[in-house]
Each structure stands twice: as structure tokens, then as C-alpha cells.
4 protein chains.
Amino acid sequence: MSGFYYPRTASGKSAILPPVPWHYSGELITFEYRTDPKAIAALLPEGFELADEDPGAVAAIWADWQSCSDDFNEILDPVRCQYKEMFVVIRCKFQGKHYSRCAFIWVDKDFAIIRGQHQGYPKKLGSIHMSRPVTLGKAGPRLEVGGKFGATLAAYDRRLAEGVFTITGTAEKPGFVNGLPMAHNRWYPAIETNGTDSLSEVVTMSGFDAQMGRCFKGDFELSLFDSPVEELTSLPILEKIGAYWHEVCVSWKAGTTLARKTLPDF
Amino acid sequence: MSGFYYPRTASGKSAILPPVPWHYSGELITFEYRTDPKAIAALLPEGFELADEDPGAVAAIWADWQSCSDDFNEILDPVRCQYKEMFVVIRCKFQGKHYSRCAFIWVDKDFAIIRGQHQGYPKKLGSIHMSRPVTLGKAGPRLEVGGKFGATLAAYDRRLAEGVFTITGTAEKPGFVNGLPMAHNRWYPAIETNGTDSLSEVVTMSGFDAQMGRCFKGDFELSLFDSPVEELTSLPILEKIGAYWHEVCVSWKAGTTLARKTLPDF
Amino acid sequence: MSGFYYPRTASGKSAILPPVPWHYSGELITFEYRTDPKAIAALLPEGFELADEDPGAVAAIWADWQSCSDDFNEILDPVRCQYKEMFVVIRCKFQGKHYSRCAFIWVDKDFAIIRGQHQGYPKKLGSIHMSRPVTLGKAGPRLEVGGKFGATLAAYDRRLAEGVFTITGTAEKPGFVNGLPMAHNRWYPAIETNGTDSLSEVVTMSGFDAQMGRCFKGDFELSLFDSPVEELTSLPILEKIGAYWHEVCVSWKAGTTLARKTLPDF
Amino acid sequence: MSGFYYPRTASGKSAILPPVPWHYSGELITFEYRTDPKAIAALLPEGFELADEDPGAVAAIWADWQSCSDDFNEILDPVRCQYKEMFVVIRCKFQGKHYSRCAFIWVDKDFAIIRGQHQGYPKKLGSIHMSRPVTLGKAGPRLEVGGKFGATLAAYDRRLAEGVFTITGTAEKPGFVNGLPMAHNRWYPAIETNGTDSLSEVVTMSGFDAQMGRCFKGDFELSLFDSPVEELTSLPILEKIGAYWHEVCVSWKAGTTLARKTLPDF
């Protein structure tokens, strides 16, 4: 059978994910702040600890991506190439090393959900919007001091988060919270649905060929809203750190498994 | 950590799937036909064989569901309760037993995607529509001889399938192709992304407390359309068998693993 | 040129609205309550007065429709046949007669927007959901005492309203606020965009061939939420009147102009 | 009452359109070709004639906009600021002057529909996608020779058009078909729905403060597809003229009525 992910068929033509490497080009708005480290700890599974320094640091990140496989066919069918993402990143320690970790994440296309699952991102579907910079006219911010961006996230008809970012100057890099290799869990509960996982892994990954373009820092406002089925408000903004706009490209092809526990083969 | 599926947190409040059992009530339109058994074989992975009898039988099924968890909270937030589904079912043999098997499937909500992944359904996001019967007026079919239903499926802005069903009488049951326990694969490729699966299972499952309501049979037309990323047209309609409308309820809580192969624990 | 609405072409094939009559079959949930009559008055234009009796009565109505033109072609392409609607109705007096009047309304398909404009409904696009009754299983309410329905409205990623309706018994009719012929304004501002309308009409209309099916009354909860671009919260629930579920069909083909003011012909 | 468009209320807060001027910043991909002038004539109402020169010229244009009102509040709520558009423009002659004219148009937000109606654009809802240029990475075209863009349009789950544009060099301006002031009809059928219009106008308009940024020309492919409710295929590509990518900003505040016919006031 062919096909990286399902459905696997003789041709592999309908597989929801194409083979790696995958390529990404995008713009991101990052809001970094501190919350109560106890709230971070409530998101860390067995084997994970809080980061040694600044354990309560959080990044709420909006991203506007174009992405494609290595034959670039998606670019010419942009509905299969473009997606937006909102994700909340924390830091942690596993087996003595520090990592970034995605706690919550929403995207608006199915290939982005499944790609995320491969990488251990806990992806849900949402409605994500963020301002794009413009070079002409009044209907958008300029990439210069004073340029003002909006960003919103909603899911299931409830607004979950909204932010405003105002450029104050250029920056070397877009914060630090999402700056380490990721450490994620990949769980696949047994179909006996009895609390046991067929597979439980800890994985780490980085992209490659990453390049950063323009990067700006600025002031921000960020609000998180309640939902009966979400926990963003468990990470309240106790102290702002900083916010950034930047453009980036990266490719992805593989990660590394750090730990694995499975049910027996038979 | 709590949470049936991700994200797992201390509270489990934001887990994308609630615990089982899950309950479903819905209406389905089923189109059964025969295609070339070789085309079916091209969809069967290692260990699977064609069904002994009528190996080329296919069911293309549209479903309009309401579903909820065992505390029924989703019912009062219907955006989290309602979804539509289109799936293509074949039959097969595994370890000497006959099963139904879902080859292709689309839904329009994220909880339906992830629930399907748990059960081995290869779920994608699509735009699915089907006529609902009405008891008054002209803007819909009656559940009686002559009642005429439309059903369509699209994904990524391409129409993939459309059918028309016309009631000719009542029926005992809605066909046979989707009538056996399911046998699905659950694959989770290793994050090393090198062609190896961390987990490869064959699973089977049935619902429980299933009840069928009204059931009608009828004539049908069904068209399948090409897409650069789909394979529905690999199962052309060579001979019609029959079509059905029926209402059903079912609950689901567990399946059984038939085979498992994993990478080593460490 | 042919075509009831735009675009008008030689063939009329792409006109966004087909000719009348239009046929509707649907299920509605109605929440009736009283608000401050001054708030109603703030929604009434020149020539309109508050209703003589119960001037503060409001109906917040959710509807799940199938609708079609007189050749019924839309039924077999249900994406062009089905839509949901949420509308807020008040009562008023114009030229000495009492009417119902739609103050705010959202739908989720474009043909429903334009059809509404023809009839003077101030239609916007929204995300509307309501429970459907089921006859089998647990994933929906029964049409009997205790049956419990949810209804929600969102627009631009903000939840605007949500209600819960619980059946307590049968009812003769689904309330009274939406029971009179409608009296609406149809304004078309001049393209000189200087505060003048090219056309300003007051119109009235009713459907024909209306039939009501089952009708239930019950208890309810209803919440309205703020938005920077909406005014639902200007009609707070000061006193509940009653709530209803009912099924209905109706056809529509014409209304009557009650007053007209235009800019000069040239 | 306040409110530029509906609903008009004492506050005007919920009016679907804010007051003018409206500001736009965007990127456009334009495909110009020739079709049979008879096909153009079939789209021209009474009083309109074919253009004297190149009467069969057509532009199929995709646009990715941010737009806002004069207080810029929409920019920070980007879901209310961003929309995409696909429109087909022809040329014509009215009262001896040459104009551009929009024959068909789709957008994906309701404010864009209503704004279009004000300006006589025959707007429908569609799903519109187009590649965005990138400065980093592989997941998008560069604004340089060889940069390759895709553009698609779908409505009601049918793909209606798709194009590919490949940059060959810079250009002075993005074609000519959409380069004249627009001449549109604004029709509002009487609610008596008997074939008479309450209002029938011919209007013209231009934006102001328009600025063009970078502009590129290139080669293209363009395909138009059938739909039971569309007529794009009535304008087949008989001969390509040229294609362009460009960025632009413009503001809009008013047009001019060229002719008006109304039913009597009363």
C-alpha cells in the first residue's frame, strides 16, 4: 500500500498527507507573557517538568501560512496550500533537557490537523484571523513603528482569544518561548477504549532550512475567553513579556522519538 | 492527566473527544453498486482479501447525524452535536472472517474526524449535503413512494460525488455492504518519517443499542467525479444493486484489536 | 434581459434568485418575551408606531429550512436548498394597521440573503444552529414533554445569542409576535452616497398555502450577547412570555407596496 | 434612523455597512482574453452597446483584499476586514461613453456583498483562493520572472474557474478591460413581484486616491467550468490577451447616477 497517512491505497493518490519534506512560508504574530507556573504544570504529563527558568512563560502565536509538499503542486491549488493557525506554546524539561511544547492549537484545514497529529500537536479546527501588512493604502498596517495588527481565534462559534499588536521597533528574534525544539506526546488510545493507550510516545522535532525575514517587536493587548470545552483561560496573562511580528520559512521532514510505550504485539 | 484524546490536561476539560459511550441519531441514504473487484483489492492492505461473495460490492453512504457524549451536553450546543458524513464502504476478509470496511470518508466537524481516527476511519473534511424528508409543503421529499432525495459531497472546492434517490417502497434493511462489523487499520507513522509505523493495528468494532426506524428502498443515480487528490473514480459504478433511506440510532463504546505491530518500547 | 434578480442576462440562467413562487418547509423554535417598549421604538422608522397592545413583545426565532423554486430543482442539490435562519421580530403600527416586523436577521446562504432583501428583511450572514428532534436514540430531543432543544447564533466569530427550549405540552399556535403580515422598509441609498435614498418603500407581505404541523409550547432560557457591530442586547429579556417548536410550510410570491418615495426619473 | 444600509436603528450601530469612505488594500491577479462579442452582447441590458474596439475583451480577476471604514476599526477585527473576490469584467458603451462593467462576481463576506450591491456589482457568495507571493521559502511564488500563482473560484460546492499565472516581467498597468469607470445597473424589483422594478438605475463610479504598487505581466492558463446556475462558460477563452499581478489601494465614496426609472411615489 502507498500513502504516508490514510487512506492507504495501491496508488497512494488520496492520502491526506503527501510525503515529506513539507515546506512552509508564513507570517506570525507572537504574544509572550507569564502565567502562574502551576497552570503550566497542570498541562505537563508524566516525565515532564517545568522549565528551570521563567517556568510560567507562555507564547500565544497566530500564523498565516502557505505550505506545500516537495512537488509544489499545492501552490497552484491554493485552497490546499493556505491555512491559518493559532497555538499556545509553553516550555518544559524532559529527561533533563529543555524544550518548547504546544499546549493548545487550532487550524482551519484538515491536512494541517493531520500533519499536526503526526508531530504531536493537539490540533482542533478553528476560525483564525490576523491582519496582513500592506504597502499601499489605509486598509492594513505598515511594517513600521505604529503598525497595528489584530488577531482573533474562535471555535464552535465562540470567540476564544483576541489580540492587538503595535510595532515599536525591529527585533533580533520573535521571542523565546517557541524557540526550542518541540517535545510532544503522541498518544493513540486502544480501541478497547478502556483508558489504555496502544501507543504512547514522547517525540521531539525541529524544522530545517529555516530562515527569518523581517522581525518587529511591539506592545500588545491579549484577551482570552471562556468556553465550556476549552482551557485557554487557565493560562491568564499575569505579566506581559513582549510581542513580535515576523516572517519565516521552514521545511520539515522528521523528528526523533525520545520514549515509547506500547501494548504488546500479536 | 485527563482527557480521552488530546489535549490531555489535569482537568481534561479541553480534550477534543469526550469519554465513551457516544450516542448517534441520524438519517442515512445508501447507494449500493458493484465495481471491479480488482479496484476493491487495490484498497486492501496486507492480510486482507476480497470477500468470498460479491467481492465488488460497494456502498456510498450519506449520513446526517446528531451525536453526543453520555452527559448529553452537546445537544444544547448543536454546533458541537450535528455533523454530516459521506463514506464509501467495501467488504473484505481478514483472518477468515468477513467484515465491512470504510475505504473513504468525509465529515464536516473536527470531533467527527478524531472520533473516526480512533475507530480507524480515514476521515477528511468535506462539504456534505443531503435532502431531509418533510411532512409539510413542497420543499423536500416525502417518506413515501416517489419521494426524491439529493446528496452531494465536495472537498477542497471540487464536487466529488452526487446522487439522487427515489423511493419505490419500504425495505427490511438498508442494504448489506455496511452490515458487518468493521475491520479497519490504525496506522501511526513514526515521527522519524522513514516509512515505518510506530503502530500498525487491525481493529474491529460494532456499535450497541442500535435501532432502525423507518427504512425505504428505491431507484438511484450516482455520479463520481475526479480530483487530483481523491480516488472515488477508481470505484466506478458498473452495476447498480439498490438504494435505501433509513433512520437509525446507535451507541459506541469500544472495539477489539485483531492484530498489532509496534516499534520497540524504550 | 432575463433574471428576477441579478445578474440579468439574455438567458437568466445565473440570476441569484429564481422566479416566484418560492416554497419553504421547515422547523422553527420561537422564544417570545417582553423588552422595554422604548427599545422597540428605537427600531421603528418614520411613519411607524408601537403596537397598541403589548408594545414590548419580541420574538427571537430560529428556523431550519429547506426551500426551493417552482421547478423544485434545488431539492436535488440540497446545498442550494437548505439554510438556517435566526430572526428577531417585533410588532408595530403603520397607517393605523398592526404588523409584525423583522428587526434583525441572519441566514447562512446567499440566496436567502437576497430573497430577504426583496422582502425587506435586513439580512446578514451568520452561523446558526438548532437541535433537530429525533425519533430514535439519545442524540437529540423527542417531540414530547421534556424534549430539550438548543439554539445558537454567531456572526463574525462572536456568539450573539443562545437559547434552550424544553417542551411542556402541545400548543395551538407558535406565539403571536410573528403572526401578523410583515411591514418592512426597503431602502436603496443613492449611489451619490450623500444620505439620500434612490428608493424608500414600506411594503407588506404574507405567504400563502401555509400549513402548520405539530406545535409544542414550553419553558425557555435565552441569552443575548454583545458585539461591537450588533444591537441584540438593546432588546433585553425583561419578562418571558412563552416558547414554541413547530413545523410549517409556506409559499411566497408577492407582497404589496404601502408607500413609496423615490428620487426623480431622468 | 441611523445606518447607511440596513438595519437602520436609532443608533445605527448594527448597520451592515459603515458610512463611506471605504478603504481597500489588496493584491489582484488579472486574466485578460477575448471571447465572442455576441456573448458579451447577451450580457448587456437596454441602452448598452458593445465597445467600439475589442468588443470581445474580458478580464477575469481574482482579488485578495483588506478593507475598512474611515475609523479603521475593522482592521483590528480582521474577520470583518478581509475578503476575497473573483469578478468578470467586460467593456461597453452607454450614452456614447465607454465604460467597464462587472458581469459576474463572487465574494466571501456579507459586507462585501452589500457594498457591491450599492455599487451595482451582482455579488454572490463563493469560495475564492489565490496564491500569495512570499519572500522566503518554497511555499509560494516570488514576485519575479517565473513566479507562478494559482487562483480558483467555487460556489455551491462546484469549482467554477481556475487559473495559473506565471510572471514574465514587469508591466506598466494590469491590463485594460477593468481600466474604465464602471457602468452598472441597480435594479430593485417591486415587491408585487410581477416583472416590474420599483427602481431601475444606471450608475457609474470610480474610486479615489488609487495607487498602484508593483505590477507584473505574464503567461496564463484559465479554465471555466459549467454549473446549472452559472454562465461563466458562456464567455469561453477564444484568444488570450495577457495576465497581470499587481498590488493596489483605493478608496471609494460615491458614484453618479446616469439614468433612473422608478414606479410612482405614493
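The values are calculated or read from the model by the stated rules, or taken from the named source; none is laboratory data. A quick note: this is a predicted structure, and the numbers were derived from the prediction, not measured. Every residue, glycine as well, gets a Cβ built from its backbone with ideal geometry; the counts of neighbours run over all protein chains shown.
What do you reckon, is A:GLU27 surrounded by 17 or more Cβ atoms within 10 Å (Cβ to Cβ), more than 7 Å from chain B (Cβ to nearest Cβ) and in contact (Cβ under 8 Å) with a residue 12 or more places away in the chain? So A:GLU27 fits the description; yes. Residues considered: C:SER198, C:SER206. Of these, the only one that is at negative phi and either facing another protein chain (nearest Cβ under 9 Å) or crowded, with 20+ Cβ neighbours inside 10 Å (or both) is C:SER198. For the residues A:THR233, A:THR193, A:THR168, the requirement of being part of a loop (DSSP other than H, G, I, E, B) and either crowded, with 19+ Cβ neighbours inside 10 Å or of a type in the set (Ser, Thr, Tyr) (or both) singles out A:THR193.
Scan A:ALA57, A:ALA10 and give me the residue that is away from chain D (no Cβ under 14 Å) and either within 29 Å of B:GLN117 (Cα to Cα) or among the acidic types (Asp, Glu) (or both). Steps first, answer last, please.
On the way: A:ALA57 fails: either within 29 Å of B:GLN117 (Cα to Cα) or among the acidic types (Asp, Glu) (or both).
Going through A:ALA57, A:ALA10 in turn, just one is away from chain D (no Cβ under 14 Å) and either within 29 Å of B:GLN117 (Cα to Cα) or among the acidic types (Asp, Glu) (or both): A:ALA10.
Remark: A:SER11 falls outside the filter, which requires a residue to be assigned to a strand (DSSP E or B) and surrounded by fewer than 23 Cβ atoms within 10 Å (Cβ to Cβ).
Results for (1) under 20 Å from B:GLU162 (Cβ atoms); (2) surrounded by 24 or more Cβ atoms within 10 Å (Cβ to Cβ); (3) free of Cβ contacts under 8 Å to residues at least 24 places away in the same chain, shown as yes or no for each residue.
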| position | (1), (2), (3) |
| --- | --- |
| B:GLY47 | no, no, no |
| B:ALA60 | yes, yes, no |
| B:TYR83 | yes, no, no |
| B:ARG91 | no, yes, no |
| B:TYR99 | no, no, no |
| B:VAL107 | yes, yes, no |
| B:PHE111 | no, no, no |
| B:GLY147 | yes, no, no |
| B:GLY150 | yes, yes, yes |
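On inspection, D:CYS68 passes the criterion of being in contact with a helix residue (DSSP H, G or I) (Cβ under 9 Å, 6 or more places away or on another chain) and under 30 Å from D:PRO133 (Cβ atoms).
Restricting A:PRO141, A:PRO133 to those that are in a loop (DSSP other than H, G, I, E, B) and in contact with an Asp or Glu (Cβ under 8 Å, 6 or more places away or on another chain) reduces the list to A:PRO133.
Scoring D:ASP77 on the criteria (1) farther than 23 Å from C:ALA15 by Cα; (2) facing another protein chain (nearest Cβ under 8 Å); (3) touching a residue at least 12 places away in the same chain (Cβ under 8 Å); (4) charged (D, E, K, R) leaves a single failure, condition (3). Number of residues in segment D:16-36 that are over 18 Å from D:ALA63 (Cα atoms) and touching a strand residue (DSSP E or B) at 6+ places or on another chain (Cβ under 7 Å): the value is 5.
Against the list (1) buried (at least 18 other Cβ atoms within 10 Å of the Cβ); (2) in a strand (DSSP E or B); (3) of a type in the set (A, V, I, L, M, F, W, C), the condition A:VAL177 fails is (2).
Does C:PHE220 satisfy the criteria of being surrounded by fewer than 21 Cβ atoms within 10 Å (Cβ to Cβ) and either within 14 Å of chain B (Cβ to nearest Cβ) or over 21 Å from C:PHE48 (Cβ atoms) (or both)? Spelling it out, it is not the case that C:PHE220 is surrounded by fewer than 21 Cβ atoms within 10 Å (Cβ to Cβ) and either within 14 Å of chain B (Cβ to nearest Cβ) or over 21 Å from C:PHE48 (Cβ atoms) (or both). If you check D:TRP62, D:TRP106 for being over 29 Å from A:HIS23 (Cα atoms) and under 18 Å from the mean Cα position of the chain (by Cα), only one passes: D:TRP106. In this structure, is A:TRP187 more than 8 Å from every other protein chain (Cβ to nearest Cβ), in contact with a Leu (Cβ under 9 Å, 6 or more places away or on another chain), assigned to a strand (DSSP E or B) and at pLDDT 95 or above? Judged against the criteria, A:TRP187 is not a match. If you go through segment C:1-60 and pick out every residue that is in contact with a Lys or Arg (Cβ under 6 Å, 6 or more places away or on another chain) and of a type in the set (Asp, Glu), you end up with 1. Got at least one residue in segment A:130-138 being in contact with a Cys (Cβ under 6 Å, 6 or more places away or on another chain) and either of a type outside the set (S, T, N, Q) or within 12 Å of chain D (Cβ to nearest Cβ) (or both)? Taking every residue of segment A:130-138 in turn, at least one turns out to be in contact with a Cys (Cβ under 6 Å, 6 or more places away or on another chain) and either of a type outside the set (S, T, N, Q) or within 12 Å of chain D (Cβ to nearest Cβ) (or both).
The residues in segment A:244-266 that are more than 14 Å from chain D (Cβ to nearest Cβ) and either closer than 30 Å to A:ARG158 by Cα or not in a loop (DSSP other than H, G, I, E, B) (or both) can be counted, and the count is 9. Screening C:LYS240 on (1) more than 14 Å from chain B (Cβ to nearest Cβ); (2) assigned to a strand (DSSP E or B); (3) surrounded by 21 or more Cβ atoms within 10 Å (Cβ to Cβ) shows it passes everything except condition (3). Of all residues in segment B:32-54, those being farther than 22 Å from B:GLY120 by Cα and either within 14 Å of chain A (Cβ to nearest Cβ) or in contact with an Asp or Glu (Cβ under 9 Å, 6 or more places away or on another chain) (or both) number 6. Looking at segment B:210-224 only, could you name the residues that are under 18 Å from the mean Cα position of the chain (by Cα) and farther than 19 Å from B:MET86 by Cβ? Matches in segment B:210-224: B:ALA210, B:GLN211, B:MET212.
The set of residues in segment B:140-158 that are touching a Leu at 6+ places or on another chain (Cβ under 9 Å) and over 19 Å from B:LYS123 (Cβ atoms) comprises B:LYS148, B:PHE149, B:GLY150. Check whether at least one residue in segment A:162-183 is within 12 Å of chain D (Cβ to nearest Cβ) and closer than 27 Å to D:ALA210 by Cα, and report yes or no. Yes, segment A:162-183 contains at least one residue that is within 12 Å of chain D (Cβ to nearest Cβ) and closer than 27 Å to D:ALA210 by Cα.
State yes or no: is C:PHE94 among the hydrophobic types (A, V, I, L, M, F, W, C) and within 14 Å of chain B (Cβ to nearest Cβ)? Lay out the reasoning, then the answer.
Values: among the hydrophobic types (A, V, I, L, M, F, W, C): yes; within 14 Å of chain B (Cβ to nearest Cβ): no.
The answer is no for C:PHE94.
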